1. Quick one: which residues, 5+ away or cross-chain, put their amide H under 5 Å from the amide H of Leu212? H built at 1.01 Å from N.
2. For Val199, what residues show an amide H to amide H distance below 5 Å, using hydrogens built from the backbone and excluding near sequence neighbours?
3. Convert each backbone phi in the stretch 303-310 into a coupling constant with the Karplus relation 6.51 cos²θ - 1.76 cosθ + 1.60 (shift: θ = phi - 60°), then list the ³J(HN,Hα) values in order as whole Hz, x for Gly and Pro.
4. Using only Cα atoms, find the angle between the long axis of helix 180-194 and the longest principal axis of the chain, and express it within 0 to 90 degrees, rounded to the nearest 10.
5. Rank by packing, highest mean first: peptides 212-221, 10-19, 286-295, with packing defined as the count of other Cβ atoms within 10 Å averaged across residues.
6. For Asn172, which sequence-distant residues (separation of 5 or more, or a different chain) have an amide H within less than 5 Å of its own amide H, given hydrogens modelled in the peptide plane?
7. Stretch Lys267-Lys120 to full length: gain in nm at 0.36 nm per residue minus the Cα-Cα span?
8. Nearest 0.05, what FRET efficiency do Asn291 and Gln194 give at R0 = 45 Å with Cβ-Cβ as r?
Amino acid sequence: MTKSKIYVAGHLGMVGSAIVRHLIAIESKHIVTRTHAELDLTDQTAVNDFFKSERPDQVYLAAAKVGGIYANDTYPADFIYQNLMMEANVINAAWKNNVEKLLFLGSSCIYPKLAKQPMKEDALLTGLLEPTNEPYAIAKIAGIKLCESYNRQYGVDYRSVMPSNLYGPGDNYHPENSHVIPALISRFHEAKSQGAAFVTIWGTGRPRREFLYVDDMAAASVHVMNLDRQTYETRALKMQSHINVGYGEDVTISDLADLVAEVVGYKGKLKFDTSKLDGTPRKLLDSNKLNSLGWRPRVNLKVGLAEAYKDFLQHTSILKME
């Protein structure tokens, strides 16, 4: 049980809220949070004032502007600017106010589009990125390098975790800006409700993706944060600050769609719109370093999808009430 004062940035998001749930479950009682209305993380002065006032001991930097292929391709300036500003402000303010431990949450899109599979941590900056989300990926790479640079220059302990595709409670179900699993859940639920004969899936269905339940990601984040520094640096990373967090298996988008349809109870047919973008052909992380440090995922995809659908039904019922 830790007595540290912990600031979770982005606590209302899917990952941030899961981290808060996990911290509460392990009896971390002194958790500090702020909504966007209370603290705009792109405002450097406001962020500095917050850290000077609160003086947290640890920081989980889960705040980010996120979205699927459509959102990344449509709003590239928003994705690179907002993410760069948030991470730069928080990391610099953490250092200025003597925060020794910080965990930055990145994304598997930091790796080259055609990286050797499964992707190891040292694949970073070895090739071209996927064009549709390159601005977001560059911002996340900058976050990793911020952590590494502050570690090198100031001797702090800032770490980064790179998750595979996340899903679960608290996901974004926006019809255009969501990731693949919430988009499929929403689409199949609507088709089931309307008795639609078929559902159209973007792309060919051939790309392979790895999916990690968000509460597994939260557990991994806390596990990495709480590893002693010598073990973390000696056994896992050497000069790198980032470590992969994946489920260890991937599926095709076509097989994923079949599984989501089964969980939702949709009996119609699937059609694939091959005029839409596929994105990276495959994204499977090599999580051996984290596994060697004592962490493994617990929630398999079918169980996780069932929990995600329950969350979706609760989300839609709340919207109807409003």
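Each reported figure results from applying straightforward, stated rules to the coordinates on display, with no laboratory input. Keep in mind it's a predicted model, so treat the numbers as computed, not measured. Cβ coordinates were reconstructed from backbone atoms using ideal geometry, including for glycine residues, and neighbour counts include every protein chain displayed.
1. Result for Leu212 returns Asn165, Leu166, Tyr167.
2. For Val199, whose amide H was placed from the backbone, the distant partners under 5 Å are Lys269, Leu270, Lys271.
3. Once rounded to whole Hz, the list reads 5, x, 5, 4, 5, 5, 5, 4.
4. Compared with the principal axis, the helix lies near 30 degrees.
5. 212-221, 10-19, 286-295
6. It is His179, by chain and number.
7. 49.0 nm
8. 0.55
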